[in-house]
Amino acid sequence: MSDLDIRSSRIPQDLADDLALCRAPAGEASTLPPACYTDPEVHALEEAVIFRRGWVGVGRSDTWQANGDFRTFEFGGVPIVVVRDGDGRLRAFANSCSHRSARIMEGEGTCARMRCRFHFWTYGLDGRLVGAPSMQRTSRFDAGDHGLPEFTLEERHGFVLVSLEDEPPAIDGWLGDFGDLHADWPLSDLVTTRRREFTVGCNWKAFAEVFNEYYHLPYVHPDSIDGTYDDPDDPDQVDGAFATQFGTTVGTGGLLDDTQDRALPAVPGLTGRPTTGVRYTWLYPNLIVALGQEALWMYEVYPDGPDRCRCAQVVCFPKATIDGPDFDDRVGDYYERFDLALAEDIPMLVQQHAGLRSPFARQGRYSYLEPSVAAFADWYAGRLLSVS
Ligand code: FES
Ligand SMILES: [Fe+2]
């Protein structure tokens, strides 16, 4: 759906009415309409309004270490390649060839140039077309006219964000007081020790939601992590495209209930309340970040149609911890905790999606343990309603 289509289309009135019920705090609001999780037309609207406008997170800066490191993405219906160029700068390009539009790069890796495997048009790490065989008889062909379109990319607090808009909103306004609310953690300095991708058979929003609510812990994680988490604080009032909530833990949120005695050191310099729990933050639309006393763990989530999402689990520690004794032995306990909780969540998400697909599914209400889910729904509904 082009921006022209968005302007000329209207959200059906019944969907607009349902979305309006989401524009309230958790205690007053209804959950998002089930159609938002399953309907291909809502999905197309979402691609245009949520993913081709504003800013979308693509993960942590340090996962592109060397010049030439690249990783491909697709969101908003747009194949994208993010690459560290010859000067060490991260850049985002349209991953469609300027010849006859084949997707150029696949997956991730390291490259000296980006070469389309169809007819070998070849692009530099700056997106310029630097090679195009057998084009010498083509009149008025100027390679300078056929580089890859570039998108705006910004890095803040160690996170990478891309906007597909010609004139994106100011990134610092988009993030608002995100920096202030996370100032206790040295976010930019944390080092990624693990990034792994997987797909889940549920809508991308449901995947993000389950990491931002405490309601399901006793029922889905009774023997793994529920015993660690106390009832959370009230959610922070924020100014920006995110929701955040801190909660204390018994021991650390980064380990299972039964490996609590194997904690790694706290983040150097972290003091006071942040050393006693976990801050869960949803940077809209698609980054979910947990800040514990000794680690950052997060998920990137990208829609793959309404019924599936591509996800990446990312874990980061301070360099001092990584360099410390026994890190390689002890980090495994952290990965085990993240993987086990995820393995408990995923079947529930698939089961939730099966229920959401019913034509008889309808909007529900929130517990006080789901304020960040309600805050996202409010933001999302506002973005969709802005086109109607
Ligand atoms: S489509 Fe890429 S070189 Fe032809
Ligand atoms: Fe969970």
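Summary of values
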quantity: Largest-first principal axis extents, alpha carbons of the range 56-168, Å; calculated: 49, 28, 22
quantity: Spatial separation of Cα centroids for the range 355-374 and the range 39-96, in angstrom; calculated: 29 Å
quantity: Relative contact order, percent, the chain [alpha-carbon distance under 8 Å, six or more residues apart]; calculated: 22 percent
quantity: For residue 21, net neighbour charge (Lys/Arg +1, Asp/Glu -1) across residues whose Cβ lies under 12 Å away; calculated: -2
quantity: Isolated Cys in the chain, by beta carbon distance under 4.7 Å; calculated: 22, 36, 111, 202, 309, 311, 316
quantity: Top of 121, 55, 185 by mean-square fluctuation, Gaussian network on the chain, Cα under 10 Å; calculated: 121
quantity: Span-like helix ranges in the chain, DSSP H, alpha carbon extent 20 angstrom or more, Kyte mean at least -1.0; calculated: 327-356, 371-385
quantity: Relative contact order, percent, the range 56-168 [alpha-carbon distance under 8 Å, six or more residues apart]; calculated: 26 percent
quantity: Relative packing of 280-291, 350-361, 139-150, which averages over residues the other C-beta atoms within 10 Å, highest first; calculated: 280-291, 350-361, 139-150
quantity: Two-decimal Rg/Rh across the range 203-301, once Rg and the Kirkwood Rh are taken from alpha-carbon atoms; calculated: 0.95
quantity: Residues 135, 105, sorted so that the one with the fewest Cβ neighbours within 10 Å comes first; calculated: 135, 105
quantity: Order of 207, 376 - criterion: other Cβ atoms within 10 Å of each residue's Cβ, fewest first; calculated: 376, 207
quantity: Gaussian network model of the chain, Cα within-10 Å springs - most flexible of 240, 54, 277; calculated: 240
quantity: Inverse mean reciprocal Cα-Cα distance (Kirkwood Rh) of the chain, Å; calculated: 22.2 Å
quantity: Computed [θ] at 222 nm, deg cm²/dmol, the chain (DSSP H ≥ 4; -39,500 (n - 2.57); rounded to nearest 500); calculated: -7000 deg cm²/dmol
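FYI, it's all coordinate maths here, none of it is from the lab. Since this is a predicted model, take the numbers as computed values, not measurements. Every residue, glycine among them, receives a Cβ derived from its backbone with ideal geometry; neighbour counts consider all protein chains shown.
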